[in-house]
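Accompanying notes for the structure given below.
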Amino acid sequence: MADTPTKYKIFIASPGGLQDIRTAFRDVIDEHNRADAKHRGVEFEAVGWEDTLPGIGRPQAKINKDVKTSHYFVMVLHDRWGTPPDTEGKFTSGTEEEFHIARECYADDDAPMREIVPLFKGVPTGQLADPGKELKKVLKLRKRLEREKKFLYGTFDSVEEFKTTLRELLAKWIRDHESGAPPAAASGGPLLPTSPA
């Protein structure tokens, strides 16, 4: 075991309504650090808007600083899009702005961003028949990701499935660290198998 583990920050972006997922995110990372990562010279740090300190200035800009210093970005969407981060900006939700910042960092060789992982929680078929304004935006982003072919997204239906996916990602990132694998190419590429919708 290394004396000082290499630390990697993982930012989770999501709108409200996914507190169970955000809690599971932190629990799995803590568990993985104790059980495996630290013994292999790695420590993952869970980061999200909850960790941003209050103070003067645009709140979303403070959160964006955490995105910019993260190595991995996990975005989770379900049936809500979220609220605009300000009254006059170009982004319609904080999560959308965080995703935009993460993509900029991913394309910047000087930024620490190594991977972006979009995950979509399944929505009941009945809800898809009448999705409403927020879910329509989620579905539009999913279609955009399919069209751009820069990121493969994953889907899950339960907290347990999310935990399994996150554990698999953490294990992969440790293997990448151990092999000295360079960050994923800025042009995008396979990050995770796409589950059927």
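The values are calculated or read from the model by the stated rules, or taken from the named source; none is laboratory data. Only a predicted model underlies this, so the values are computations on that prediction, with no experimental measurement involved. When we count neighbours, we look across all protein chains shown, and the Cβ atoms used for this are built from the backbone with ideal geometry, even at glycine. Remember, those area values only see protein heavy atoms, side chains included, never the ligands or the DNA or RNA. Shrake-Rupley method; radii C 1.70, N 1.55, O 1.52, S 1.80 Å.
General remarks:
- Selection within region 25-44 - under 15 Å from the mean Cα position of the chain (by Cα) and surrounded by 20 or more Cβ atoms within 10 Å (Cβ to Cβ): PHE25, VAL28, ILE29, PHE44
- For PHE73, the conditions (1) in contact with a helix residue (DSSP H, G or I) (Cβ under 7 Å, 6 or more places away or on another chain); (2) over 27 Å from GLN127 (Cβ atoms) all hold with the exception of (2).
- ARG103 among the basic types (Lys, Arg), closer than 19 Å to GLN19 by Cβ and outside any strand (DSSP E or B): no
- Extreme residue, farthest from ILE29 (Cα to Cα), among residues of region 57-100 that are in a loop (DSSP other than H, G, I, E, B) and touching a strand residue (DSSP E or B) at 6+ places or on another chain (Cβ under 7 Å): HIS78
- Test: residue in region 7-22 that is in a helix (DSSP H, G or I), surrounded by 15 or more Cβ atoms within 10 Å (Cβ to Cβ) and at pLDDT 90 or above: yes
- Inclusion of LYS137 among residues that are modelled with pLDDT of 90 or more and open to solvent by 30 Å² or more (accessible area, probe 1.4 Å) is warranted.
- Members of region 106-131 found to be outside any loop (DSSP other than H, G, I, E, B) and either touching a strand residue (DSSP E or B) at 6+ places or on another chain (Cβ under 9 Å) or touching a residue at least 12 places away in the same chain (Cβ under 8 Å) (or both), listed by number: TYR106, ALA107, GLU115, ILE116, VAL117, PRO118, LEU119, PHE120, LYS121, GLN127
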